[in-house]
Amino acid sequence: MRIETIRKITLAGPFDAIAVLLIAMSIVLTSPFFHYHEPYRRLLIITFSGIGAWWIFNERLMFLLREKFLLKSKYLIKSSELVIAEHDKTAQQNALLFGYTADEGKPVYISYDFLMRHVWILGQSGVGKTVLGTNLMFQQIVKGGGLLFIDGKMNGDDLQTMYQICKWAGREQDLLVINPGKPELSNSYNPILYGDADEVASRLLSLIPSSEDSPGADFYRQSTKQAITTLIAALQETGLAYNFMDLSILLLNGKALLYVESLLVRDKPDSPITNQYRLFLDRYKTVSNKGVTTIDVDRLKDILGGMAGRLYDFGTGTFGEVLNTYTPDVNLFEAIRANKVIYVMLPTMGKNEQAQNFGKMVIGDLRTALSWVQALPEAQRPNPPFMVFADEAGSYVSQSWPRMFEQARSARIWLMPATQTQANFEAISKELEQMIIGNTWTKVFFKIGTPESAETAANIIGMERKASLTIAENTGRSESGQEIDSSPIKQAGDSAGITISQREEEVYRVHPDQLASLDMGQCIVSFGGDKLYNIRVPMLTLTPEFREQCGKAQLNYFDHQARKGLDLFKNINRWLSDVIKNDKVDEQG
């Protein structure tokens with residue numbers, strides 16, 4: 001064995017020390033000093049040397065061979081003892097497989113009990129985050145569990161793959177698709193229809209950037225929240241359903257606001273909500289010389305900022321075709337209870353800003369649904385626990401995330417955001433970054449693209465005290481004799497030796513440079529802060545024959561009981577001030 005190979009073998013820890021000590025004792029026993037105890041001496045030599053050599057060979061030399069030939073890996077990162085034993089089939093039924101260790105090829109399962117403490121996936125684009133997520137979703141579907149998959153980088157084949165996975169598991173009837181980019185391949189969805197006024201207002205407010213560091217901006221944010229909450233409460237008091245277009249018209253048109261007031265005065269004159277709404281409108285009412293009451297919309301816009309424009313984006317175009325409904329196919333709370341498979345496709349490539357804002361709306365809806373599930377009796381909460389895979393979460397993360405991580409476990413819902421850098425969280429706030437890192441029990445690190453994120457990941461994985469083994473070779477030659485002596489006989493000698501020294505130092509368990517140069521499909525899993533696994537993630541593939549047999553994706557549509565809505569857009573002429581009314585047409589004209 002070459003010296004370079006020996007240098008790769010790290011001897012550290014109590015078991016290595018015992019093994020080296022046993023080998024050393026067997027060497028000492030070969031001394032003639034112990035020849036009087038010949039039978040026992042041979043037995044001890046064989047025993048001590050055998051145990052010590054077996055440990056070094058199996059745990060150190062064979063580790064090199066396993067690392068090289070079992071599963072390809074650049075680094076000698078030894079995996080911890082498995083959380084769930086390789087042959088414990090019972091425990092594996094209540095767990096999901098993440099991958100196989102690169103050093104020994106053993107399966108790494110993580111139970112739902114720990115998954116409900118949440119998972120964070122970090123890695124640059126195209127290194128295996130979605131492959132791992134797809135693998136876990138496949139297992140979740142096969143086990144009969146429900147999931148919400150928010151896809152931040154969809155392509156044309158993703159919907160087909162989700163449909164085929166569900167069909168393979170016999171659950172294609174459970175698939176619900178929210179695809180604002182292609183309404184013809186989408187179920188209907190209205191994320192602002194359900195929940196009380198405060199809950200709906202909080203979802204809408206997620207569209208506005210955080211203003212905690214700006215007192216002035218925070219004042220307007222709170223004023224916007226008050227206005228939106230009052231408006232939503234008034235709409236709910238009318239008993240009419242509403243959608244994004246209705247809200248957009250109300251925020252831009254004074255006649256529409258006065259129309260809602262008239263409905264409340266007619267149907268709920270004594271309601272506190274009616275009085276609150278009228279008091280709110282009084283701030284913006286003006287009376288003309290002719291006694292006509294109007295709303296100063298410009299003043300209202302000063303308070304609401306760009307909220308109306310954001311809502312208008314959701315109420316028009318392809319988004320409007322999916323979202324402007326009073327009887328949506330997807331009710332997130334009911335879908336969670338029924339273990340549905342919900343696939344949200346964000347069209348980030350063509351409609352990036354709208355897609356990001358829509359992702360925030362979905363998360364806001366999820367937060368409300370989570371609180372409702374949490375309030376259910378324990379027997380009615382999801383089993384298996386409901387999975388939320390938020391791919392490319394950095395584009396729609398918001399300040400409301402930490403509360404979900406803190407409370408989702410009691411609702412039997414587990415979250416798995418995947419981001420490219422830790423800065424995706426830090427950009428919102430340092431507190432958000434720390435809370436999400438602190439509330440994820442399992443962290444999965446793929447190849448990391450930025451030095452800052454690699455260093456953060458290495459610090460999360462932690463440090464360890466490690467023995468550094470130094471081997472030095474030295475040789476020498478010497479001659480001696482009298483300088484004036486002509487005799488050929490002189491004294492000469494050669495010397496050679498190997499010096500072995502060992503010292504302990506604190507080093508990264510996984511160095512940032514290693515995290516930055518992992519192979520595709522390879523990742524480091526930090527479990528609970530102490531266990532570490534160097535794993536390869538298997539790629540899920542379906543045979544071409546099965547894909548062809550499945551055919552094109554078929555969505556599940558539902559017949560709903562008709563529900564009366566506000567439907568302001570249908571009567572748009574009532575709210576336009578410059579419409580030429582032609583109720584009666586002059587026959588001669």
Self-check item: Residue that is surrounded by the fewest Cβ atoms within 10 Å (Cβ to Cβ) [pool: residues in region 1-58 that are assigned to a helix (DSSP H, G or I), modelled with pLDDT of 70 or more and among the polar types (S, T, N, Q)]
Solution: 47
Quiz item: So which residues in region 263-302 are surrounded by 15 or more Cβ atoms within 10 Å (Cβ to Cβ) and among the hydrophobic types (A, V, I, L, M, F, W, C), if there are any at all?
Solution: 263, 264, 273, 280, 281, 295, 297, 300
Quiz item: Restricted to region 392-419, and to residues that are within 18 Å of residue 448 (Cβ to Cβ) and touching a Ser or Thr at 6+ places or on another chain (Cβ under 6 Å), which residue is surrounded by the fewest Cβ atoms within 10 Å (Cβ to Cβ)?
Solution: 394
Quiz item: Which of the residues belonging to region 361-389 are touching a helix residue (DSSP H, G or I) at 6+ places or on another chain (Cβ under 8 Å) and not hydrophobic (A, V, I, L, M, F, W, C)?
Solution: 364, 365, 367, 368, 371, 374, 380, 381, 382, 384, 385
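If you check 142, 108, which single one turns out to be among the β-branched types (Val, Ile, Thr), surrounded by fewer than 22 Cβ atoms within 10 Å (Cβ to Cβ) and either over 16 Å from the mean Cα position of the chain (by Cα) or closer than 15 Å to residue 538 by Cα (or both)?
Exactly one of 142, 108 is among the β-branched types (Val, Ile, Thr), surrounded by fewer than 22 Cβ atoms within 10 Å (Cβ to Cβ) and either over 16 Å from the mean Cα position of the chain (by Cα) or closer than 15 Å to residue 538 by Cα (or both), namely 142.
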Quiz item: How many residues does region 346-390 contain that are farther than 27 Å from residue 115 by Cβ and among the small types (Gly, Ala, Ser)?
Solution: 2
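Evaluate region 510-519: report whether one residue or more is touching a Ser or Thr at 6+ places or on another chain (Cβ under 8 Å) and under 30 Å from residue 167 (Cα atoms).
No, the conditions are met nowhere in region 510-519.
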Self-check item: Of the criteria (1) surrounded by fewer than 16 Cβ atoms within 10 Å (Cβ to Cβ); (2) among the basic types (Lys, Arg); (3) modelled with pLDDT of 90 or more, which one residue 536 fails
Solution: (1)
Quiz prompt | Flag for residue 176 being in contact with an Asp or Glu (Cβ under 8 Å, 6 or more places away or on another chain) and within 29 Å of residue 95 (Cβ to Cβ) | solution = yes
Quiz prompt | In region 342-373, residue surrounded by the most Cβ atoms within 10 Å (Cβ to Cβ) [restricted to those that are assigned to a helix (DSSP H, G or I) and of a type in the set (Ser, Thr, Tyr)] | solution = 368
Exercise. Quick one: which residue in 540, 532 is in the same structural domain as residue 115 (by TED's automatic domain parsing), in contact with a helix residue (DSSP H, G or I) (Cβ under 9 Å, 6 or more places away or on another chain) and part of a loop (DSSP other than H, G, I, E, B)?
Key: 540
Quiz item: Across region 426-446, what is the number of residues that are in contact with a strand residue (DSSP E or B) (Cβ under 7 Å, 6 or more places away or on another chain) and at pLDDT below 85?
Solution: 1
Practice problem: Residues being farther than 17 Å from residue 363 by Cβ and either within 25 Å of the chain's Cα centre (by Cα) or crowded, with 21+ Cβ neighbours inside 10 Å (or both): count how many of those fall in region 329-338. | Solution: 3
Quiz prompt | Residues within region 392-418 that are more than 18 Å from residue 144 (Cα to Cα), in contact with a Phe, Trp or Tyr (Cβ under 7 Å, 6 or more places away or on another chain) and in contact (Cβ under 8 Å) with a residue 40 or more places away in the chain, tallied | solution = 3
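The values are calculated or read from the model by the stated rules, or taken from the named source; none is laboratory data. The model shown is predicted, which means the values in this text are computed figures rather than measured ones. No Cβ is skipped: glycine too gets one built from the backbone with ideal geometry, and neighbour counts run over all protein chains shown.
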